[in-house]
1. Would it be correct to say that R117 is more than 18 Å from the chain's Cα centre (by Cα) and part of a strand (DSSP E or B)?
2. Tally time: how many residues in the range 72-83 are open to solvent by less than 40 Å² (accessible area, probe 1.4 Å) and outside any helix (DSSP H, G or I)?
3. Test of understanding: among G69, G122, G64, which residue is out of contact with any Lys or Arg (no Cβ under 7 Å at 6 or more places or on another chain), open to solvent by 40 Å² or more (accessible area, probe 1.4 Å), on the phi > 0 side of the Ramachandran plot and modelled with pLDDT under 85?
4. Considering each residue of the range 84-119, count those that are over 30 Å from A41 (Cα atoms), open to solvent by less than 80 Å² (accessible area, probe 1.4 Å) and in contact with a Lys or Arg (Cβ under 6 Å, 6 or more places away or on another chain), and give that number.
5. Identify, please: which residue in the range 29-54 is within 15 Å of Y134 (Cβ to Cβ) and free of Cβ contacts under 8 Å to residues at least 60 places away in the same chain and is, among those, most open to solvent (accessible area, probe 1.4 Å)?
6. Please name all residue pairs, on different chains or six or more residues apart, with Cβ atoms under 6 Å, provided the first residue is in the range 137-166 and is in contact (Cβ under 8 Å) with a residue 12 or more places away in the chain and open to solvent by 50 Å² or more (accessible area, probe 1.4 Å) and the second residue is charged (D, E, K, R) and not in a helix (DSSP H, G or I).
7. Inside the range 125-136, can you point out the residues that are in a loop (DSSP other than H, G, I, E, B), open to solvent by 40 Å² or more (accessible area, probe 1.4 Å) and more than 19 Å from V50 (Cβ to Cβ)?
8. Within the bounds of the range 94-108, is there any residue that is at pLDDT 85 or above, in contact with a strand residue (DSSP E or B) (Cβ under 8 Å, 6 or more places away or on another chain) and part of a strand (DSSP E or B)?
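The values are calculated or read from the model by the stated rules, or taken from the named source; none is laboratory data. Because the structure is a prediction, the values reported are computed rather than measured. All Cβ positions, even for glycine, are placed from backbone atoms using ideal geometry, and neighbour counts span all protein chains on display. These accessible areas exclude ligands, DNA and RNA; they are computed on the full protein's heavy atoms, side chains included. Shrake-Rupley method; radii C 1.70, N 1.55, O 1.52, S 1.80 Å.
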Amino acid sequence: MPRGASVGGDEVARVESEDFHRLYLAARDADRKLATALRKAIREAGKPIVSDVRDQIDRIPSSGRHSTGVRQALKAGTRVAISTSARGAGAQFVTSPSKLPASKRALARAMNMESFRRRVFGSSTWVRQAGHPYFGSTIYAHEPQVRAGIVRALEDAAERLAEGTT
């Protein structure tokens, strides 16, 4: 089940499989093309989530007359990241603020909240601003289909390994 978390400023949701690490290593050792195909199939399964998260980011209203590039940077930082490490093997859906200036990176998390406090530009006054949750609920809406797609990709790779057809 996806779980929302924040890692190093990134908004992250993870879909894990206990056997993914072992299966990936077996696929890589048998045939690198199979391992590459497995990663590609997992990314393909996650594309609907990435697309919808980006659409939700597009729906965040602009706060002023001029675009500050926050929404575009968040869209550019939204992706499926696949980890094959023993400790954290699985697929993660990430919106990374790394393309934003350091002073605006906290907005990735803040904009995903129901509301957040911010300082009024050029003032020492703080105001509460409505957020626009774009991440978790979007992922949860796709969870069954994406989980099924990832499981299909893993099962296909396992079958191909068992048959020796890589």
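1. yes
2. 6
3. G122
4. Count: 1.
5. Out of the qualifying residues, it is R54.
6. Sorted first by the residue in the range 137-166, then by its partner, the pairs are T166/D31.
7. T125
8. yes
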